[in-house]
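Comments concern the structure below.
Every read-out reported here was derived from the displayed coordinates using simple, explicitly stated rules and does not represent laboratory data. Quick caveat: nothing in here was measured; it's all calculated off a predicted structure. Please note: Cβ atoms are built from the backbone with ideal geometry, for glycine as well, and neighbour counts cover all protein chains shown.
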Amino acid sequence: MLEGYLGLFLVAFLAATVLPAYSEILFAGLLASGYEPLALWAWATAGNTLGSAVNWGLARYLLHFQDRRWFPFRAPTLGRAQRWFQRYGVWSLLFAWAPVGGDALTFIAGLMRVRFDLFLLLTAIGKGARYAILLGLIEGLNRLT
């Protein structure tokens, strides 16, 4: 049983980074296999949140190299992202779970030097809510069948 939870943690972790992974599929499969729903929620939330923390840390570190040719963002793109984040603020991290732009949000938060404790709290709330909704949807569908 522990292997399933650890596997979900790893896939959720990878899904929050720039690597392509889809934790929802494994989450649903493990739930259908009889794994404990609350434990699945906790492992997925923790893995996805910690994966986002890697993005935050990479951004903090990589910012030192923004003048290098290989740096992933050019000054105009970086400036637009920073202005956007300043406009919507740290509360936008509640949407770090979004399939489009969520990973970028966590990276931008690192660039903008958002306090790590605040980053972790808001990101965990958003990602936890996402997995709770997923859990509710799956269990609701199971009751219909």
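Taking the Cα centre of the stretch 2-144 as reference, the dipole from Cβ charges on Lys and Arg (+1) and Asp and Glu (-1) amounts to some 800 debye. Ordering 95-108, 58-71, 26-39 by mean Cβ neighbour count within 10 Å, with the highest value first, yields 95-108, 26-39, 58-71. Here's the picture: charge each Lys and Arg Cβ at +1 and each Asp and Glu Cβ at -1 in the chain, and of P37, A98, G110 the one pushed furthest to the positive end of that dipole is G110. Near Y35, no amide H atom lies under 5 Å from its own; only residues 5 or more places off or on other chains count, and H is placed 1.01 Å from N. Under the Kirkwood approximation applied to all pairs of distinct alpha-carbon atoms, what is the hydrodynamic radius of the stretch 2-144 in Å? It is 15.8 Å. Just so you know, the Cα atoms of the stretch 73-145 work out to an Rg and Dmax of 15.3, 53 Å.
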